[in-house]
1. Restricting to segment 454-511, what's the tally of residues that are farther than 24 Å from A52 by Cα, in the same structural domain as V400 (by TED's automatic domain parsing) and among the aliphatic types (A, V, I, L, M)?
2. Could you list, in sequence order, the residues of segment 81-113 that are surrounded by 20 or more Cβ atoms within 10 Å (Cβ to Cβ) and over 20 Å from I304 (Cβ atoms)?
3. Could you identify the single residue in P95, P100, P74, P59 that is within 16 Å of the ligand (Cβ to nearest atom), over 22 Å from the mean Cα position of the chain (by Cα), at pLDDT 95 or above and not hydroxyl-bearing (S, T, Y)?
4. Which residues, taken from segment 298-314, are under 15 Å from V360 (Cα atoms) and out of contact with any Leu (no Cβ under 9 Å at 6 or more places or on another chain)?
5. Could you please let me know if F190 is at pLDDT below 95 and of a type outside the set (D, E)?
6. For segment 165-195: of the residues being within 16 Å of the ligand (Cβ to nearest atom) and within 19 Å of P272 (Cβ to Cβ), which is surrounded by the fewest Cβ atoms within 10 Å (Cβ to Cβ)?
7. Check Q443 against each of (1) over 18 Å from the mean Cα position of the chain (by Cα); (2) away from the ligand (no atom under 12 Å from the Cβ); (3) more than 22 Å from Y483 (Cβ to Cβ) and name the one condition it does not meet.
8. Suppose the filter is open to solvent by 20 Å² or more (accessible area, probe 1.4 Å) and in a strand (DSSP E or B); does S477 pass it?
Amino acid sequence: MRKCWLRLAPVVLALVLPAASGWAQNQSPDHRVDPAVNKPVDDEGHAWWQHAVFYEIYPRSFADSNNDGVGDIPGITSKLDYLRWLGVDAIWIAPMFPSPEVDWGYDVSDYYNVNPDYGTLKDMDALVAQGKQRDIRVLLDFVLTYTSDQNKWFQEAMSSRTNPKRDWYIWREGKGAGAEQPPNNWTSNFGGSAWKHDAASGEWYYHYFYPPQPNLNWRNPEVEKNMFDVTRWWYERGIAGFRLDAVDVMFVDSRFQDNPVVGNEKNAFGDPVEHEINDKNQPELHGVLQRLRKVADEHNAVLIGETWTNDIDQLKRYYGKHSDEVTMPMDFMFTMVNKLSPPDFRKQIDWVDGSGGWPVYVLSNHDIQRVYDRYGDGVHNDQIAKLMASLYLTLRGTAVMYYGEEIGMENNDPKRPEDVKDSRGRVGWPKDKGRDGERTPMQWSAEANAGFAVTAPWLPVDERYKTYNVSSEKSDSKSILNYYRQLLTLRHTNKALLDGKYVALNENDSNVLAYARSYKGQNVVVVLNMSGVAQKVKLNLAAKGVEARSAKTLLSSFGAPERVSLNEISVEAFGAWIGETE
Ligand code: BGC
């Protein structure tokens, strides 16, 4: 969760809980359908992506087809059958464009090609075609806020103050008598000033992240045109959409005013903590997103947003007033619930479910510590992994998985500073060890290097791989992997889980998170024991207008009986039970 605190620390999460949750509040799930993009796939008017399970792939670590220790595109293609078996409908591949890799692909030097480490455009075409045969759509990561300093656009911009591309980036004069100080107090998310001095021209350029990641100037219409063309080019190659990277920092205050500093606190990099009101969330951002959405709509594509927000109103804005911005803004406030707390999850689900937009749930990704050890207590981590899967995969909305969560991969953080590959960990060590830990190679088998590669992989494989790997877990009916698979099958086939309203139950219970998904009289009930003590749960369904006394078990993480009384559901410590009322 390191990224979250860094990006949200200065902001108080001053949120107001909506009025009582339950039937009334949840009467109208978003059934709106865009004519072009969102062809309905069911009677409710839901589009494919609303029922889909997305799966994030970190290409460097997923599957290595040529044994060089680095994952690649043909490697991903070779695992499509596995993903289909698991129940994945769409993959989002973290950046696979040519890049000097100062931020592992989030510094793009050419948007129209594939990083040679990962393969070729032909390999990408083959992946899309093979995916199509298996009904798996392919989405890419659109790093639209900044480029690499090695990108030819920036190279041109650097070449002189009068170059036509100069204004594609953000340049300012420095402050002080000799203009030797940065133009203002904005700090980089990766430490130090957000401005870098260019000795040749005497000006400073702006970078919210690393210095080699100069921010684009989205107020220049040429930037918009060129970046939109990038998306068209990929859509025409069969890409089904994009995850939009770091959209909150696309625009900065046009007057370049300082950010207010919050107290005397320092962050992991030793910089003052700022209230980021001038380098984030500027209103123009929404106009660009609306126009980008139009281009996506014209190509029947979807946009997932890396939408870090401080409150539900900010999240709502990303959907757009007329549901015309980001198709799927991910709710990162959900990932900020960092402990097994039913009240905190309940509150967050209520907000998002009641927001009017289609919720998008995510628990971890390449920037966020893995679920296994984030929520694990060190003793019941396997149960807790199943518990958390049962949460984000049974809520009303779309779920975005992260590779390896389905086998219980845990963070394998670097032990020594000299091993760190993520530059952010190098700068932040030891307070911030970077994100290598959540990016280690996928564990395919109990063979050397977890079957990922014969040569030593670019990051060390977690030592638990002999037990936690796809091959071993496939043949263990009680594994996390088989639990995920059953859950995904259920999610894809049960009408209440697909289309049902979310109805909070037993709202005062601080140990157990319980809710129903209710669709035309069909009720699926989910009971998640987030405590280390077995619980006997009496579900108060009558209060929600449902007359039922018993339920049949659809899935449980602890071997629950086939039928249970709704007056007393026994749920083991950290157990998950999912049933349908009778
Ligand atoms: C990506 C990170 C990356 C950052 C800066 C993001 O939001 O998810 O992995 O480090 O952008 O490039």
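1. Here the count works out to 4.
2. P98, S99, D107, S109
3. Details: P95 fails: over 22 Å from the mean Cα position of the chain (by Cα); P74 fails: within 16 Å of the ligand (Cβ to nearest atom); P59 fails: over 22 Å from the mean Cα position of the chain (by Cα).
Answer to the check: P100.
4. Q314
5. Values: at pLDDT below 95: yes; of a type outside the set (D, E): yes.
When the stated conditions are applied, F190 passes them.
6. The selected residue is G192.
7. Against the list (1) over 18 Å from the mean Cα position of the chain (by Cα); (2) away from the ligand (no atom under 12 Å from the Cβ); (3) more than 22 Å from Y483 (Cβ to Cβ), Q443 comes up short only on (3).
8. Details: open to solvent by 20 Å² or more (accessible area, probe 1.4 Å): yes; in a strand (DSSP E or B): no.
Answer is no for this residue.
The values are calculated or read from the model by the stated rules, or taken from the named source; none is laboratory data. These numbers were taken from a predicted model, which means no experiment stands behind them. Virtual Cβ from ideal backbone geometry, glycine too; neighbours counted across all protein chains shown. Remember, those area values only see protein heavy atoms, side chains included, never the ligands or the DNA or RNA. Shrake-Rupley method; radii C 1.70, N 1.55, O 1.52, S 1.80 Å.
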